[in-house]
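Enquirer: Please see the structure below; I have some questions.
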Amino acid sequence: MSTTPTVIKAKQRPGDRVFSGSAVFAGSMILVTLAAVALFLIIQSIPALVASHEDASILDTNFWEYVGPLVFGTVWAAALALLFAVPISIGIALFISHYAPRRLASVLGYIVDLLAAVPSVVFGLWGIGVLAPAVQPIYSWMVDNLGWFPLFAGPVSGTGRTILTAGLVLAVMVLPIMTAICREVFLQTPVLHEEAALALGATRWEMVRMAVFPFGRSGIVSASMLGLGRALGETMAVTFVLGNTHNIAVSLMEPGTSIAATLANEFAEASDDLYRSSLAALGLILFVVTFIVLAAAKLMLVRMAKQRGE
């Protein structure tokens, strides 16, 4: 006759129970905070979402027609920032982790970490005071010589405050955190993999391409999505550089706006409840867009892990 083995549970000490309860509480607070923010935005947005066209608000037309250019400007500026920042951040991280001498790599690592601590308003002031005037002549040349292509069609902004300038400023802002993540991922590459590639006759670049990049692929995706989330929600720098032109700016040479910039510019002028509700609805849309982007990134990482058999 078989007997069921008796499972003996270890006795938990008071310190274990306190630590376990604290960890569960801290983790649950993230979900509670996220749910509270979402619930607040939904409740505040309902009056604007159900309001008729004749009601006084920030809208001159249908709510969704008003939101369209804002969503487009937000995503367009963030996508441009990602396009510029990803290859540069990978290059910097790769140089620090595998090419630079140890002392130089240490100094560059500190500089990258310090850049991540610079306030966004400083980047905005730099963008509007230094970058925009510097690139305006370049924009004029591009419109004169490449204006036949829709992305470089004129008329060019006389101040240099365009969607392209906003993308460049956002790229500089997200560069430090993306570089730091990629650097740490590249440094975690198994040394045996790198030495095996070099022992087989691979050059330094071939070793990086065959050993470092495959190992760090998920980290690169994570860094990119984290940078994209930061760019989507950035407020002050975009407000300074992008302005508040309410149109769908397909051309890189035109000004535009974003949801975050609109909230920063118009929230202080919210004179009635429907006005504030409309702005809350914009915040809800930005919340949903950012959530969808980060959720898609997480699903992508899970799929990549399954493909590697992890």
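Yes/no per residue for (1) farther than 20 Å from Ala85 by Cα; (2) assigned to a helix (DSSP H, G or I):
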site	(1), (2)
Val107	yes, yes
Ala132	no, yes
Val156	yes, no
Thr179	no, yes
Glu184	no, yes
Glu194	yes, yes
Gly201	yes, no
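Enquirer: Quickly run through segment 181-194 and pick out the residues that are modelled with pLDDT of 85 or more, crowded, with 16+ Cβ neighbours inside 10 Å and over 23 Å from Val302 (Cβ atoms).
Expert: Across segment 181-194, the qualifying residue is only Arg183.
Results for (1) out of contact with any Ser or Thr (no Cβ under 8 Å at 6 or more places or on another chain); (2) surrounded by fewer than 17 Cβ atoms within 10 Å (Cβ to Cβ), shown as yes or no for each residue.
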position: Ala196; (1), (2): yes, yes
position: Ala199; (1), (2): yes, yes
position: Phe213; (1), (2): yes, yes
position: Gly219; (1), (2): yes, no
position: Met225; (1), (2): yes, no
position: Glu234; (1), (2): no, no
position: Glu254; (1), (2): no, no
position: Asn265; (1), (2): no, yes
position: Glu269; (1), (2): yes, yes
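Enquirer: Right, another one. What do you reckon, is Val130 closer than 19 Å to Leu115 by Cα, surrounded by fewer than 16 Cβ atoms within 10 Å (Cβ to Cβ) and either in contact with a helix residue (DSSP H, G or I) (Cβ under 9 Å, 6 or more places away or on another chain) or of a type in the set (A, V, I, L, M, F, W, C) (or both)?
Expert: Against the criterion (closer than 19 Å to Leu115 by Cα, surrounded by fewer than 16 Cβ atoms within 10 Å (Cβ to Cβ) and either in contact with a helix residue (DSSP H, G or I) (Cβ under 9 Å, 6 or more places away or on another chain) or of a type in the set (A, V, I, L, M, F, W, C) (or both)), Val130 qualifies.
Enquirer: Considering only residues that are modelled with pLDDT of 75 or more, more than 19 Å from the chain's Cα centre (by Cα) and among the small types (Gly, Ala, Ser), which ones fall in segment 49-92?
Expert: Answer for segment 49-92, where residues must be modelled with pLDDT of 75 or more, more than 19 Å from the chain's Cα centre (by Cα) and among the small types (Gly, Ala, Ser): just Gly68.
The values are calculated or read from the model by the stated rules, or taken from the named source; none is laboratory data. Bear in mind that the values here come from a model prediction, so they are computed numbers and not experimental data. Cβ sites come from the backbone with ideal geometry, for glycine too, and all protein chains shown count toward neighbours.
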